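The values are calculated or read from the model by the stated rules, or taken from the named source; none is laboratory data. This is a predicted model, so every value here is computed, not measured. Here Cβ is always computed from backbone atoms with ideal geometry, including for glycine, and neighbour counts include all displayed protein chains.
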Amino acid sequence: MNQSALRQAWHPVCYGAELTDAPRAARLLGEPVVLWRDAAGAPRAMRDRCPHRGTALSLGKLQSGELVCPYHGWRFAADGRCTHIPQLEDPARVPERARVEAWRCVEKLGLVWVALEEPRWPLPELPEFSDPAWRVVRTGPFDWRAHASRQLENFTDFGHFAFVHEGLLGDPSNPVVAPHQVQTDGHVLRYAYGRPDQPNTEALPVFTQGERKDSLRRTHYAIHLPFTLVEHIDWGGADGMVYLFASQPVDEARSIGYCQVARNYQHEQPESMMRDFERTIFEQDRRIIESQPVGPVPLDGASELHLAFDKVALAYRRALREQGFGGAS
């Protein structure tokens, strides 16, 4: 997959609640990243390598708002400039080359996002996440030995519910995928699907038990290229769920998925129940997706057999190709 195009996109690197002023290591598109919060509480990101000996800066500490290398005490400002080399007679006389690449970093929708180059598109807007009528539950993260495109594409597959998530999201006696459409608008794919709802299980009753129009669970999806997805779910009544899923492309063979679920019902239910439900679903998916070939989904359209119910996956791959994510440059 085209690395230049991937660098021009926002990618999640951790939950905002997990980031403090203590340096934190991450990896994005094969790049080592160090993350921390500055004195104002804003998230920061730069390459996790000291230019002196390549030491991981994430092993260091924050001092007076600057990142201190654990090996020789070199200090770096948030923009990557080295400001202090204690071994010099004049520690402030720092060579111009003594700097670290700093990257764009924002906090939004409960996640910290990094773009290694100027991003082509903004992050999605989700008003429910700041609405007090909705309660947001953080689940995961889900660390898979699979490319981020494989992790995201799993959400485009309606045919697997009956077999991978029997009793939770599907029924093997009713596996037929109903007709549905997908619309592509630049970097956003939108599609909707109504499927027969499974009854809540006794152990994990996370879906509404209130007003509903019929037996269908209606889901409206929006994929924001390359690896972010939003779901709006309802049952024909006032109760609803909103899912935000985003996959961190660690490298060609590993991804970390972040899933947050907002509901406007059952606020009294412990958050652990939703976390347990998502952990169960993602684990059922993980063993399947990790069995697929290593690397990104093929974008040529001919490497795998596709049928009519695969139209969303085909549209996703086509959109990736059309938006410049094909190739390996």
Of the conditions (1) touching a Phe, Trp or Tyr at 6+ places or on another chain (Cβ under 6 Å); (2) more than 19 Å from Tyr15 (Cβ to Cβ); (3) among the charged types (D, E, K, R), Arg44 satisfies every one except a single condition; which number is it?
(2)
What single numbered condition from (1) closer than 18 Å to Leu244 by Cα; (2) assigned to a loop (DSSP other than H, G, I, E, B) fails to hold for Phe155?
(2)
Find all pairs meeting these conditions: Cβ atoms under 6 angstrom apart; at least six residues apart or on different chains; first residue within the range 281-298 and surrounded by 18 or more Cβ atoms within 10 Å (Cβ to Cβ); second residue modelled with pLDDT under 95.
Pro296/Met1
Per the filter on the range 195-219, residues in a strand (DSSP E or B), of a type outside the set (A, V, I, L, M) and either surrounded by 15 or more Cβ atoms within 10 Å (Cβ to Cβ) or free of Cβ contacts under 8 Å to residues at least 24 places away in the same chain (or both) are Arg195, Arg217, Arg218, Thr219
The condition of being more than 24 Å from the chain's Cα centre (by Cα) and not small (Gly, Ala, Ser) holds, among Glu202, Glu125, only for Glu202
Across the range 60-76, what is the number of residues that are aromatic (Phe, Trp, Tyr) and either surrounded by 18 or more Cβ atoms within 10 Å (Cβ to Cβ) or in contact with a Phe, Trp or Tyr (Cβ under 9 Å, 6 or more places away or on another chain) (or both)?
2
Selection status of Arg104, farther than 27 Å from Ala319 by Cα, in contact with a strand residue (DSSP E or B) (Cβ under 8 Å, 6 or more places away or on another chain) and assigned to a strand (DSSP E or B)
no
Unique residue being under 25 Å from Thr20 (Cβ atoms) and surrounded by fewer than 13 Cβ atoms within 10 Å (Cβ to Cβ) when the list is Asp90, Asp48, Asp38, Asp79:
Asp79
With (1) surrounded by 18 or more Cβ atoms within 10 Å (Cβ to Cβ); (2) of a type in the set (Ser, Thr, Tyr); (3) part of a helix (DSSP H, G or I) as the list, and Ser272 as the residue in question, which single condition is left unmet?
(1)
The conditions are (1) at pLDDT below 90; (2) surrounded by fewer than 16 Cβ atoms within 10 Å (Cβ to Cβ), and Leu168 fails exactly one of them. Which is it?
(2)
